[in-house]
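Q: Have a look at the structure that comes next, please.
What follows draws every value from the coordinates through simple rules; no lab data is involved. Given the structure is predicted, the values throughout are model-derived calculations rather than measurements. Glycine gets a Cβ as well: all are built from the backbone with ideal geometry, and neighbour counts include every protein chain shown.
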Amino acid sequence: MNTLTAKNFTIFVIPAALLAATFWLMPRVTELPPARLELLGHLPYLAIALGTILSLHFHRGRAFFVFLLLALSCWSFQRHLTGAPRGIEATVLFQAVTFLVPPNIALFALMRERGIVTVAGRIRLAFLAAQTLFVWWAMAPGHVAVQQFLAWQFTTGGFPAGSPLPQPALPAIALSGAVVAVRASLKQSPIDSSFLGVLAAFTVACNGVAHPYVTPVFMTAAAVILSLGVLKDSYNMAFRDELTGLPSRRALNEQLSWLGRRYCVAMVDVDHFKKFNDTYGHDVGDQVLRLVASKLRGVGGGGKAYRYGGEEFTILFPRKGRDEVMAHLEELRGIIADYQMRLRGNDRPSSCREGKRQRSSAPPRSQGTVSVTVSIGVAESGGDRRRPDDVIKAADQALYRAKGRGRNLVSV
């Protein structure tokens, strides 16, 4: 498990920004004309419907079921609540929804993507249907034990003060939020980070159920946050390499299509990669590619790395000439060559910090480690190389020269 750093939490920027914008807009909602205020109650369903279509189109089952949760919650509140919950049925419904929805969001965050109409999808749908029947059963008179549990108070006088949220729902919300936050920060998945935004918006919507406009506004915000998560996740699937986490060749081609006239391209190839696969297996080969990608990601000079295909990578230097990037590429080549990669095994530490300690204390070329080298070919735009394809072709030719001169070289 990777150590959490500040960089891990950048995945939450978009959900947090949308929530902040919703809080900022909330006081201005009451200034809308009466005719538009009447339509406000339909807005969550429109946002949920659009998000559901997106999740179906992109086969995002986890998001689909969270949209379903939001739709059921909206419908339940609008049908049974007029302001703060009053009466046994409305109160039990509100308490059950606020208690059950957060753990369900956390559960879907922990689940793997298994589609919608698959066997796993049908099981998840049946799971939600069973909970719906349970809430309907709990609302009926006579089920005192369940109703008392949902209304149980840890402290007298109500907590938080003035909030309609039932106290049993508070630890459920807090624990679910912690689970989703850790999951999203580790996986760096836009859908998982949007789940945390949905949970926050849902909590605010439930807390403001007595206000005529808070619930529909924040339910709409929850649907919008999740929809953007689906779109961002689908974009990553198309433009980001799953193994290395680098932008893919498709992203490189898009970047090259609007790049200026002056730029530099470096083609990077892992030396003897087939030997790694034949000797150690494809798992080690994947480790090598991830290692090289992690080093390429830190290249200086304003360069950005891409997975070109197989064991080949591309580094793009916008507005740079060949002479400006050579020192950075030589430094990168040396960093990769000097790195001792510890082969994964049953004794491999789960902590990155412990792994670094073992590498630093191990003698050079110790058993259980391998070294990796790369060859790099460099070309810049200009002259007869006016098209991006011409520059990449020239960089490829320089790469072949580096291979022919013994590998582990930078060639122009």
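Q: Can you tell me the orientation of helix 352-361 relative to the chain, as the angle in degrees between its alpha-carbon axis and the longest Cα principal axis, to the nearest 10?
A: Result, in degrees: 30.
Q: Nearest 10 degrees, 0 to 90: what angle lies between the long axis of helix 282-297 and the longest principal axis of the chain (Cα atoms)?
A: In the chain, helix 282-297 runs at an angle near 90 degrees to the longest axis.
Q: If you don't mind, there's one more thing I want to ask. With the Cα gyration tensor of the range 270-341 in hand, give its eigenvalues times 5 under a square root as the equivalent ellipsoid semi-axes, listed largest first in whole angstrom.
A: Semi-axis lengths for the range 270-341 are 25, 12, 9 Å.
Q: I would also like to ask the following. Under 5 Å between amide hydrogens, which residues at least 5 positions from Tyr263 or on another chain qualify, with H placed 1.01 Å from N in the peptide plane?
A: Arg319, Lys320, Ser381
Q: Tell me, which longest segment in the chain has none of the trypsin sites (Lys or Arg not before Pro) that fall in DSSP loops with at most 16 further Cβ atoms within 10 Å?
A: No qualifying site falls inside 115-260, the longest such stretch.
Q: Sequence-distant or interchain residues sharing an amide H contact under 5 Å with Asn408, placed H: which?
A: Under 5 Å from the amide H of Asn408 lie the amide H atoms of Val374, Ser375, each far enough along the sequence or on another chain.
Q: Could you give log10 I(q)/I(0) at q = 0.08 Å⁻¹ for the chain, computed by the Debye formula over C-alpha point scatterers of equal weight, without solvent?
A: One equal scatterer on each Cα of the chain leads to -0.60.
Q: If I fit a long axis through the Cα atoms of helix 88-110 and take the longest principal axis of the Cα atoms of the chain, what angle between them do I get, 0 to 90°, rounded to 10?
A: That works out to roughly 10 degrees.
Q: Now, a different point. Compute the relative contact order of the range 6-239 as a whole-number percentage, counting only Cα pairs closer than 8 Å that sit 6 or more residues apart in sequence.
A: Averaging sequence separation for qualifying contacts and normalising by length gives 32 percent for the range 6-239.
Q: A further question follows. What's the percent breakdown of Cα-Cα distances in the range 1-107 across 10 Å bins, shortest bin first?
A: Using 10 Å bins, I get a P(r) of 11, 28, 39, 17, 4, 0 for the range 1-107.
Q: Please work out how much length the chain gains when fully extended from Arg261 to Phe154, using 0.36 nm per residue of separation minus the C-alpha to C-alpha distance, in nm with one decimal.
A: 31.8 nm
Q: Take the cross-link list Lys232/Lys304; Lys187/Lys320; Lys275/Lys295 and give me the ones stretching past 30 Å between alpha-carbons.
A: With Cα atoms farther than 30 Å apart: Lys187/Lys320.
Q: Report, in debye and to the nearest 20, how large the dipole of the range 1-104 comes out about its Cα centre when Lys and Arg carry +1 and Asp and Glu carry -1 on their Cβ.
A: Charge dipole, the range 1-104, about its Cα centre: 220 debye, nearest 20.
Q: Over the range 44-163, what is the mean sequence separation of C-alpha contacts under 8 Å (at least six apart), divided by residue count, expressed as relative contact order in percent?
A: About 29 percent, as a whole number.
Q: Zone of Ala49 (label point 7 Å along Cα→Cβ, backbone N under 19 Å): which residues in the range 221-264?
A: Taking a point 7 Å out along Cα→Cβ of Ala49, the residues of the range 221-264 whose backbone N falls under 19 Å are 221-228.
Q: Please arrange Val224, Val412 by counting, for each residue, the other beta carbons lying within 10 Å of its beta carbon, fewest first.
A: Least crowded to most crowded, the residues run Val412, Val224.
Q: Please work out how much length the chain gains when fully extended from Asp323 to Phe127, using 0.36 nm per residue of separation minus the C-alpha to C-alpha distance, in nm with one decimal.
A: 64.4 nm
Q: Quick one: Leu110, Leu40, Leu69, fewest Cβ neighbours within 10 Å first, how do they rank?
A: Arranged by neighbour count, lowest to highest, Leu110, Leu40, Leu69 become Leu110, Leu40, Leu69.
Q: May I ask which residue of Gly321, Gly404, Gly260 lies farthest towards the positive end of the charge dipole of the chain, with charges of +1 (Lys, Arg) and -1 (Asp, Glu) on Cβ and the Cα centre as origin?
A: Farthest along the dipole direction, towards plus: Gly404.
Q: Per DSSP H run of at least 4 residues, take -39500 (n - 2.57); add these up for the chain, divide by its residues and hand me the 222 nm value, nearest 500 deg cm²/dmol.
A: -20000 deg cm²/dmol
Q: With an 8 Å Cα cut-off and a minimum separation of 6 or more residues, compute the relative contact order for the chain in percent.
A: 16 percent
Q: At a 10 Å Cβ-Cβ cut-off, how would you order Trp75, Trp137, Trp258, fewest neighbours first?
A: Trp258, Trp137, Trp75
Q: At R0 = 30 Å, how high is the FRET efficiency between Met111 and Ala17 if r is their beta carbon distance? Nearest 0.05 is fine.
A: The calculated FRET efficiency here is 0.65.
Q: Restricting to the chain, what percent of DSSP beta bridges are antiparallel, rounded to 5?
A: Taking every DSSP beta bridge within the chain, about 90 percent pair in antiparallel fashion.
Q: Follow-up question, since we're still on this one. Longest exposed-loop-site-free stretch of the chain, with GluC sites (Glu not before Pro), DSSP loop and at most 12 other Cβ within 10 Å?
A: Of all site-free stretches, the longest is 32-241.
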